[in-house]
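Let me begin by presenting the structure, written as structure tokens, before commenting on it.
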Amino acid sequence: MATGQSPSLEIFVREPDGFVIWNGPPFADGQPSVKLDKVQCSSAKFSEDGLKLMVMKSDSQINIYDCKTWREIRSFQVPNVLAATMSPCGTYLQTFQKSTSPQDKNVVLWRIDHGDSVHHLSQKNMTKATWPSIKFSLDEAIACRLATNEVQFFDPEDFSKGIVHRLRVPGMAAVELSKTPGAYVAAFVPESKGMPASVQIFATGKDVQSPVARRSFFRCSTVQLNWNSGSTGLLVLVQSDVDKTNQSYYGESKLNYLTTDGTHEGLVPLRKEGPVHDVQWSCSGKEFAVVYGFMPAMATVFDKKCNPLLELGSGPYNTIRWNPKGKFLCLAGFGNLPGDMAFWDYVEKKQLGTTKAECSVTSEWSPDGQYFMTATTAPRLQVDNGIKIFHHNGSLYFKEMFDKLYQADWKPESPDRFGEIAELGKSVESLKIDGTKPQGQGSKSSQVSSKPANAPAQKPAAYRPPHAKAAAAVQAQLFGGSSSGELSRNALKNKKKREKQREKKAAEAGGGASDA
């Protein structure tokens, strides 16, 4: 339960003619009320703390709204703007303009409170690795930029000082600043002239030139760098365009894990061959969940030492979403998969329910961790656009269809405002797998009690692919108890049927021999 007055949930909904703000669940009379009437815009994005909303009304006008009053507090006229974003606390606005000459300083950093520009720089093109140009830690205590062969650091309080110090890393192609706190920066150097690619972790202080951790690997085209909360661990998803084993048309991927204290550096021990579909840290930063392997994919929760804590089973999944409080998990199959979703209580180690959300493009938990929203949006999909909101156990709470929907987002709020999460950290530290209550049994009992009426049948859950014959032994190793205790009801029934058939054949064979 939240202590004191918890903030109300709010939902941003953008259609072709503009956006509105809904009051979030629980809804009165089952329908959301409108908190802010429709405002015309071409795109919009919240600051990460949810206190400001950036609205692009044209290719030259950007307006900033205060999310407490929903009033416009600042307007910027920026000709030929191609992209814009705010710093995490909404202190700065960063814009990228179309460049007309190499000398143009087309990236501008604006101070939102007084509307003046505080820094200018040139950038030829915009890619995922280079935008935003200036990256901030979540508390805006650290600001840095990727430049040629170096990371440039700034004073976030005073950009007029220019570059305050530099970190030189030859050949660097991508950089990721740790978020909470911004004490470290990870640098990716791709393969070159027979030398392997590498990811190195450096402290962000002055006069630092030696990495605190390093990992090298061949067959690497791109990487995804994922810091945990607390800045103690970094997950590195390495992807190559070509799979040397010819098992996948889409190349291969490996998940590496590095710690800033040097206690761990290596591959995450995944138990199934195939691609890594998704990975996400919990809010505590003490464990992470991975969806991996050829379909049906597996999902496993690991601790910060890469020891498996909980198996979430297998199925048509490619997405994992950990709620902001760290208690619930949603395992889903979106994109080219049919939209199956399984909801788990991580603390109790049991499945709460299953359902479907076909053709979902976006999905996210509410800031209070009680609701899960999926949206089918254009231009990815032009038909069946709409919003679905589910309870944490997978039961459908709300559904709204649109002729065309471009965006649906929760307004960000700090999870701490909805209650304490300290007890979750304690439960993780003391997590013990109970061998007398296997995963399958806990899941079964919970599904019977809370499974929504429109949930799909559970029959496909009994499917066991040929290459997963050792799954029962793996579960026994993780959860204790005998592997036979993990058999589902259908599997046990089929086992008994096979035994009876063998006994019948043996009896017939024995009878034939005596007659002879």
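How long is the gain from Phe294 to Ser160 if the chain were fully straight, where each residue apart is worth 0.36 nm and the alpha carbon distance is subtracted? Intermediate results must be reported in sequence, preceding the final value.
On the way: separation 134, 0.36 × 134 = 48.24 nm, distance 5.17 nm.
Stretched fully, the Phe294-Ser160 segment lengthens by 43.1 nm.
Could you order the peptides 388-396, 156-164 from most to least packed, using the average number of other C-beta atoms within 10 Å per residue? All intermediate terms of the calculation are to be shown ahead of the outcome.
Values: 388-396: 21.6, 156-164: 12.7.
The most tightly packed comes first, giving 388-396, 156-164.
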Could you run the Karplus curve 6.51 cos²θ - 1.76 cosθ + 1.60 with θ = phi - 60° over region 494-506 and give me ³J(HN,Hα) per residue in whole Hz, x for Gly and Pro? 5, 4, 5, 5, 5, 4, 5, 5, 5, 4, 5, 5, 5
Distance between Cα centroids, region 279-343 to region 363-382: provide it in whole Å. 17 Å
Give the Debye-formula value of log10 I(q)/I(0) at each listed q (0.13, 0.16, 0.23, 0.24 Å⁻¹), with one equal scatterer per alpha carbon of region 319-406, two decimals each. -0.38, -0.57, -1.09, -1.16
List the residues whose amide H sits under 5 Å from the amide H of Ile73, counting only those 5 or more places along or on another chain, with H placed 1.01 Å from N in the peptide plane. Ile64, Tyr65, Asp66
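Looking at this model, which pairs from Lys325/Lys356; Lys105/Lys404; Lys135/Lys272; Lys179/Lys254 are more than 26 angstrom apart at the alpha-carbon? Spell out each step's value before the answer.
On the way: Lys325/Lys356 23 Å; Lys105/Lys404 37 Å; Lys135/Lys272 36 Å; Lys179/Lys254 23 Å.
Beyond 26 Å between Cα atoms: Lys105/Lys404; Lys135/Lys272.
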Positive-pole candidate from Ala332, Tyr346, Thr377, dipole of region 331-385, charges at beta carbon: Ala332
Would you list Cys89, Cys220 from the most to the least accessible area, probe 1.4 Å? Cys89, Cys220
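Could the peptides 191-199, 136-144 be put in order, highest first, of the mean number of other beta-carbon atoms found within 10 Å of their residues? Walk me through the numbers on the way to the answer.
On the way: 191-199: 14.7, 136-144: 20.1.
Result, highest mean first: 136-144, 191-199.
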Taking amide H atoms as placed 1.01 Å from N in the peptide plane, list the residues 5 or more away in sequence, or in a different chain, whose amide H sits under 5 Å from that of Val118. Leu109, Trp110, Arg111
Protection proxy (average C-beta count within 10 Å per residue), highest first, orders 60-72, 176-188 as 176-188, 60-72
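On average, how much area does the Cα convex hull of region 247-385 cover when viewed from any direction, in nm²? Intermediate values should be presented prior to the final figure.
Values: hull surface 37.5 nm².
In nm², the orientation-averaged hull projection of region 247-385 is 9.4.
The values are calculated or read from the model by the stated rules, or taken from the named source; none is laboratory data. Nothing here was measured: the structure is a model prediction, and the numbers come from that model. Backbone-built Cβ (ideal geometry, glycine too); neighbour counts: all protein chains shown. Quick note on the areas: whole protein, heavy atoms, side chains included, nothing else; ligands and nucleic acids left out. Shrake-Rupley method; radii C 1.70, N 1.55, O 1.52, S 1.80 Å.
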